[in-house]
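Q: I am attaching a structure below and will ask some questions about it afterwards.
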Amino acid sequence: MYKIRLFNQIALRGLQRFPRERYEVGHDLPGPDGILLRSHKLQPEEIDARLRAVARAGAGVNNVPVDYCTEHGIVVFNTPGANANSVKELVLAALLVSSRDLVGGIAFVSSLKDVGDQARLDALVEAEKKRFKGRELFGKSLGVVGLGAIGSLVARAALDLGMEVLGHDPAISVEAAWRLPSEVKRMENLPSLFSQSDFVTLHVPLLPETEGLVNRDSFRAFRRGAVLLNFAREPIVDRRALEAALDDGTLAHYIADFPVPGLTDHPRVRFTPHLGASTEEAEENCAVMAANQLTSFLETGNIANSVNFPSVSLELSEGYRLAVTNLNVPGMLGQMTSVLARRGINVVDMINKSRGGVAYNLLDLQDVPTAGLIEELSAIDTVINVRVLNGLDNGA
């Protein structure tokens, strides 16, 4: 039996992906093979020596000690794109809120709760509605920073609203490029995008190189009176630079999913309480995707959507499968195949991939891997761990 430890409430549709005859799933399981979590901040001391994988039901993995996991040969998965539509719809709502004073208008009407006469109510509404006049999105320009799963959906939706869409993503993948509508105007750099955008929306991951991506220098390129939307991560926008841009009128509005002290009551700032993925559909999509990735890895050794290991896919063949993780150094594959050759073990199929300082190998063997073989492979200096997989049976 494989053991999956949960650290958060996980959507039932995701939990149903673990067949009961092969998986034990719960919140307090000792010695788990896999961990499935959402927002729980996982600590190294919570990681058992038996653990093989951590799946985060969401895109960000800042609550997982990824470096520690890599050092110990633990694969970390996320679920890119599973909550993309949920975030896209929230961004569209933010665009509308920033262009039409819906929040102020609703609050005004709510303040009239004691007016009981319809004629009086109508008169007050007609007299005050000019306070909430806004502008249309049609014909305005939207700059999309980051053109992955979410950014490309936002771009397409904005085009459908009649907006001009500018995009910038120097690291765009081939798959993302295929998803991107041809009407999106690709910008070579951020200053060009900022200077031509009425609205700017951020959809990049939080990395060392993206922290403070929007800063004082960035705001100098902004079109005066622009609107900035941040539904990516709070540190991507430098807070002091943001406050200065709001004070001097560079920004007309800032709308984000990450409240920060000191700005929650600012008249031109609107915060939502981290609602990007807070829909039933997104939570289910993330849970199902994370569970599928865990079961595939534990049962076949294949890896998809890992943030610290290479993507690896090898169709199961007859025989016995080994999954070997090692430091990415020259000569390792030769050492492993030499061990197999000395023992007269035939390799039916294999794949070797690396990412950064770690390499991962799947080897399908014709013969049963003995304890002696596993010990000899594990004894190689740069081998991190060795797993035995035999079809759908739990490995030794």
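The values are calculated or read from the model by the stated rules, or taken from the named source; none is laboratory data. Please read all numbers here as calculations on a predicted model, not as lab measurements. Cβ atoms come from the backbone with ideal geometry, glycine included; neighbour counts cover every protein chain shown. All accessible areas refer to the heavy atoms of the entire protein, side chains included, with ligands and DNA or RNA removed. Shrake-Rupley method; radii C 1.70, N 1.55, O 1.52, S 1.80 Å.
Q: For the stretch 333-396, what does the equivalent ellipsoid look like in terms of its semi-axes, each the square root of 5 times an eigenvalue of the Cα gyration tensor, given largest first in whole Å?
A: 18, 15, 13
Q: Once amide H atoms are built 1.01 Å from N in the peptide plane, which residues 5 or more positions from residue 358, or in another chain, come under 5 Å H to H?
A: Amide H to amide H, under 5 Å and 5 or more residues apart or across chains, residue 358 pairs with 328.
Q: What lysines does residue 353 reach when the alpha-carbon gap must be under 21 Å and sequence neighbours fewer than 8 apart in one chain are set aside?
A: Straight-distance partners of residue 353: none at all.
Q: In a Debye calculation with equal point scatterers on the alpha-carbon sites of the stretch 232-373 and no solvent, what is log10 I(q)/I(0) at q = 0.18 Å⁻¹?
A: Log-scaled intensity ratios, in q order: -1.02.
Q: With no solvent and one point on each alpha carbon, what is the Debye value of log10 I(q)/I(0) for the stretch 60-152 at q = 0.11, 0.14, 0.18 Å⁻¹?
A: Computed log10 I(q)/I(0) values: -0.60, -0.76, -0.93.
Q: Pop out the ³J(HN,Hα) list for the stretch 264-277 in order, Karplus 6.51 cos²θ - 1.76 cosθ + 1.60 with θ = phi - 60°, rounded to Hz; leave Gly and Pro as x.
A: Karplus values, whole Hz, x for Gly and Pro: 5, 10, 5, x, 10, 10, 10, 10, 10, x, 6, 9, x, 9.
Q: What is the packing order of peptides 24-31, 219-226, taking the mean over residues of other C-beta atoms within 10 Å and listing the highest first?
A: 219-226, 24-31
Q: Using θ = phi - 60° and the Karplus curve 6.51 cos²θ - 1.76 cosθ + 1.60, what whole-Hz ³J(HN,Hα) does each residue of the stretch 214-223 get, with Gly and Pro shown as x?
A: 9, 9, 4, 5, 4, 5, 5, 8, 5, 5
Q: Residue 385's amide H: which non-local residues (gap 5+, or another chain) put their own amide H closer than 5 Å, with H modeled 1.01 Å from N in plane and none for Pro or chain starts?
A: Close amide H contacts, sequence-distant or interchain: 325.
Q: Quick check: residue separation of residue 239 and residue 281 times 0.36 nm, minus the Cα distance between them. What number comes out in nm?
A: This chain segment gains 11.9 nm when fully extended.
Q: Over the stretch 166-270, what number does the Rg to Rh ratio reach, with both radii from the alpha-carbon atoms and Rh per Kirkwood?
A: On the Cα set of the stretch 166-270, Rg over Rh gives 0.97.
Q: OK, next. Considering only protein heavy atoms, what is the solvent-accessible area of residue 122 at a probe of 1.4 Å, reported in Å² to the nearest 10?
A: In the full protein context, residue 122 sits at about 70 Å².
Q: Next question, about the same structure. Keeping all protein chains in the complex and leaving out DNA, RNA and ligands, what accessible area do you get for residue 311 with a 1.4 Å probe, in Å² to the nearest 10?
A: Here the residue's solvent-accessible area equals roughly 80 Å².
Q: Now for a different question. Based solely on C-alpha atoms, express the radius of gyration and the Dmax of the stretch 134-194 in angstrom.
A: 11.2, 39
Q: Run the numbers on the chain and let me know its relative contact order in percent, using alpha-carbon pairs under 8 Å that are six or more apart.
A: RCO, the chain: 15 percent.
Q: Once every DSSP H run of n ≥ 4 in the chain is given -39500 (n - 2.57) and the sum is divided by its residues, what mean residue ellipticity at 222 nm do you get, rounded to the nearest 500 deg cm²/dmol?
A: -9000 deg cm²/dmol
Q: Can you put 216, 239 in order of accessible area, largest first, using a 1.4 Å probe?
A: 216, 239
Q: Could I ask something else about it? When only C-alpha pairs under 8 Å and at least 6 residues apart count, what is the relative contact order of the stretch 96-213, in percent?
A: Averaging sequence separation for qualifying contacts and normalising by length gives 26 percent for the stretch 96-213.
Q: Quick one: Debye curve from the C-alpha atoms of the stretch 299-377, no solvent, what's log10 I(q)/I(0) at q = 0.13, 0.24, 0.25 Å⁻¹?
A: -0.38, -1.22, -1.29
Q: For the stretch 112-186, please report how many Lys pairs fall under 29 Å Cα to Cα, leaving out neighbours fewer than 8 apart on the same chain.
A: 6
Q: What length, rounded to one decimal in nm, is gained on full extension from residue 328 through to residue 101, with 0.36 nm per residue of separation minus their alpha-carbon distance?
A: Computed gain between residue 328 and residue 101 is 76.2 nm.
Q: Under the Karplus relation 6.51 cos²θ - 1.76 cosθ + 1.60, θ = phi - 60°, what is the ordered set of whole-Hz ³J(HN,Hα) values for the stretch 358-369, x standing for Gly and Pro?
A: Result, rounded to whole Hz: 10, 10, 9, 10, 10, 10, 9, 10, 7, 10, 5, x.
Q: What does the highest-first list of 248-254, 205-211 look like by mean Cβ count within 10 Å?
A: Descending packing order for the listed peptides: 248-254, 205-211.
Q: Counting DSSP beta bridges in the chain, what percent are antiparallel, to the nearest 5?
A: 40
Q: Based on Cα coordinates alone, diagonalise the gyration tensor for the stretch 108-148, multiply each eigenvalue by 5, take square roots, and list the semi-axes in whole Å, largest first.
A: Each semi-axis is √(5λ); the values are 37, 13, 7 Å.
Q: What fraction of the Cα pairs in the stretch 75-229, stated in percent, has a spacing above 22 angstrom?
A: Of all Cα-Cα distances in the stretch 75-229, 50 percent exceed 22 Å.
Q: Give the Kirkwood hydrodynamic radius (Å, one decimal) of the stretch 1-133, defined as one over the mean of 1/r across all pairs of different Cα atoms.
A: Hydrodynamic radius (Kirkwood, Cα only) of the stretch 1-133 equals 18.9 Å.
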